[in-house]
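Everything below concerns the one structure shown next.
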Amino acid sequence: MKISELLGKTHRDNPSEVELISHKLMLRSAMIYQVGAGIYAYLPLAWTALRKIEEIIRQEMNSAGSQELRLSILQPKELWDTTGRTKAFGDDLFTLTDRKGRTLVVAPTHEEELTAIVKAHISSYRDLPKILYQIHTKFRDEPRSRGGLMRVREFDMKDAYSLDVSDKGLDSSYQKMVEAYKSIYKRCGLNVIQVEADSGAIGGKDSHEFVLLSDSGEDAIVLCEGCGYAANIEKARFARTDYSKEGESELAEVSTPQVTTINGLTDFLGIPNYKTIKTLCYVSRDELILVVIRGDLDVNEVKLKSAISAPEIRLASPKDIEKHGLSKGYISPVGINGFRVIADESLLLGNDFAAGGNKNEVHLINVNYPRDFKADLILDVAQATEGQYCTNCTNGKLEIRKGIEVGHVFKLGDSFSKSIGATFADESGSLQPVIMGCYGIGLGRLLAAAIEQHNDEDGIKFPVAIAPYQVHLIALNIEKTDISKLAEKVQSELTESGLEVLYDDRIESTGKKFKDADLMGMPIRIVVSLRNLKENVVEIKARDSEETLKVKYESVVETVKLLLDERDFYNLKG
Ligand code: ATP
Ligand code: MG
């Protein structure tokens, strides 16, 4: 490809109000064009890279024994009502009305349709197991689209679905997908870790995310430096410090004028925050729930949501609190009835707590669980913080890093097959729900993440396997016939040997050509110039190295291949 013919011009300056490096670099190198909020067109360079990513994903899916199919984007809303996900997706769901007045969902994901197909085509245990996948566009009305391709409202995803007869079968399909994912990221040049994750709106059991650790990420990842435990903060377990002492003192009221916060209470009583109980009021499906936790910890709303299997929860407003006759700032579960109480495990690791007195300006001291109140559920609803200890190895300290989620795998179990009625006859002839898993990778986000990982102040440093072109050939003083002839010869030799070449044939300054090569980030740069012509050589430099090699014409192809091989993660695979 000649740069003179390529669509799109590079820009020297960073666009204003653009936050992510990948976004800046993709705009500056004319890879993407913004059509609207969270909507982008892929220009030729981005599309070439994305097609390479797509091909890597396709190869790894196929070699894991998965079959490619193609599902529809328009789907009847009734299908989504069957699984309750019209509500679960809420405002993120794009819908439209057809000429007959029927509502159609513009698919944000495809579990429903796939399960409907399973229902129609799978009838016996002999039809299983299977893994199916597609690479297709998804639509989500994201509340906060950001960062170029990182979070958009229209994006391509590889989504795969496994179908098994049992949980054991699912475990094995899941593991196959995990291995395929690891190969995909490795081949794309991404350093990705697998972390435990919450399964979110989709429901189900085990779930893992594949995450690129990066300061530009939106997810908080909890890591143990001791044993390697890694989890999204939405899910991360941690060891709570045990502050319990022998004996329980007598419950008593204290007058606490104007003390309405945990900090106020600890100051007033001169006690540490772990000697207090915090009570938060949440509303779920019109029910007011009391959530209690030791005062040194915070509630993690994602854990809380899954603990009570609620699609949505929110903190109660002062109005909700008043409506239920509670005294804001002085609430605790002690001595009141009629509310569901969810307690964090930390209440078992302390005693003689101070807590709200359920009267204005009154607190209680020496509150003990379960002596003074009962909880309907006691489990982990606390947020992990940096420096806490790991529960996995008990002596490692936890660290929190930011990360970009580039893939997600879920064990769905029978939730979709039960609601849609996708069953198979087992060996004894009785009908069982198909046991499912689902597996997603966003292609555009993967490309953006790869650029976040591979760049420097001059531009992109594409990993070989996903670079739009492997070689960036620059001809300096192109107006000289000798130069253009030689450059064209080098280009055709490289092309004939199977290499992909982006050829800068423009009449431009040397500075601009070098800057553009660095910005666009192809792995190998070749320079043909007058000075080199005299010495019968060309200059070859890898984008990720400072070293420039002077190579005789006849060795160009060989040298380029060697440099590419050294950098290709596919070759490092085995
Ligand atoms: P996130 O938490 O980032 O919104 P998600 O949990 O909604 O992601 P999934 O539904 O599991 O994502 O989708 C699978 C993959 O699709 C994600 O791992 C990510 O790579 C990609 N993806 C999801 N939402 C977007 C988006 N809005 N823009 C680009 N890629 C996305
Ligand atoms: Mg999402």
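Observations on the structure shown:
- Taking the charge dipole of segment 252-383 about its Cα centre, with +1 at Lys and Arg Cβ atoms and -1 at Asp and Glu Cβ atoms, the residue from Leu297, Phe268, His363 reaching farthest to the positive side is His363.
- Residue order for Ile451, Ile262 - accessible surface, 1.4 angstrom probe, largest first: Ile262, Ile451
- Size of electric dipole in segment 159-316: Cβ of Lys, Arg +1 and of Asp, Glu -1, about Cα centre, debye, nearest 20: 320
- Nearest 10 degrees, 0 to 90: helix 510-520 Cα axis against the chain principal axis: 40
- Here the extension length gained between Glu19 and Leu530 equals 179.9 nm, from 0.36 nm per residue of separation less the Cα-Cα distance.
- Lys, Arg +1 and Asp, Glu -1 on Cβ, resulting dipole of the chain about Cα centre, debye, nearest 20: 1080
- Global form of segment 469-572, assessed from the alpha-carbon gyration tensor, a/c cut-off 1.5: prolate
- For segment 252-383, the antiparallel share of DSSP beta bridges with both residues in that region comes to about 70%.
- Within the accessible area of the chain (1.4 Å probe), percent carbon and sulfur: 48
- Computed E for Asp141/Glu496 - FRET, C-beta separation, R0 60 angstrom, nearest 0.05: 0.80
- Equivalent ellipsoid of the chain: semi-axes from √(5λ) of the C-alpha gyration tensor, largest first, are 54, 30, 22 Å.
- Ranked packing of 368-381, 349-362, most packed first, by mean Cβ within 10 Å: 349-362, 368-381
- Rounded to 10°, Cα long-axis angle of helix 44-63 versus longest principal axis of the chain: 70
- Here the Karplus curve 6.51 cos²θ - 1.76 cosθ + 1.60, taken at θ = phi - 60°, turns the phi angles of segment 436-445 into couplings of 10, x, 9, 9, x, 9, x, 6, x, 5 Hz, with x standing for Gly and Pro.
- In the context of the full set of protein chains, the chain has a per residue accessible area of 46 Å² (1.4 Å probe).
- Here's the picture: a label point sits 7 Å out from the Cα of Glu68 along the beta-carbon direction, and within segment 129-153 the residues with their amide nitrogen under 16 Å of it are 131-137.
- Assuming charge only on the beta carbon of Lys and Arg (+1) and of Asp and Glu (-1), the dipole of segment 252-383 about its Cα centre is about 180 debye to the nearest 20.
- Descending by average beta-carbon neighbour count within 10 Å, the peptides 11-20, 489-498, 207-216, 132-141 line up as 207-216, 132-141, 489-498, 11-20, the highest first.
- Helices in the chain, meaning DSSP H runs of at least 4 residues, each add -39500 (n - 2.57). Divided by all residues, the mean residue ellipticity at 222 nm is -8000 deg cm²/dmol.
- For the chain, the list of Cys residues with no other Cys C-beta under 4.7 Å reads Cys188, Cys281, Cys438.
- When Ser419, Ser346 are compared by accessible surface with a 1.4 Å probe, the order from highest to lowest is Ser419, Ser346.
- For segment 252-383, the Cα gyration tensor yields ellipsoid semi-axes of 22, 17, 13 Å (square root of five times each eigenvalue, largest first, whole Å).
- Euclidean distance between Cα centres, segment 452-526 to segment 156-198, Å: 36
- 5 angstrom amide H check on Lys2, placed H, neighbours 5+ away: Tyr503
- Residue pairs, from the table Lys52/Lys168; Lys2/Lys485; Lys541/Lys561; Lys278/Lys397; Lys485/Lys550, whose Cα atoms sit over 22 Å apart: Lys52/Lys168; Lys278/Lys397
- When the trypsin sites (Lys or Arg not before Pro) in segment 39-137 are filtered for DSSP coil states and for at most 14 other beta-carbon atoms within 10 Å of their beta-carbon, the remaining sites are Arg70, Arg99, Lys100, Arg102.
The values are calculated or read from the model by the stated rules, or taken from the named source; none is laboratory data. Note that this is a predicted model, so its numbers are computed, not measured. Using ideal geometry, Cβ is built from the backbone for each residue, glycine included, and neighbour counts are taken over all protein chains shown. Note: areas computed on protein heavy atoms with side chains; ligands, DNA, RNA excluded. Shrake-Rupley method; radii C 1.70, N 1.55, O 1.52, S 1.80 Å.
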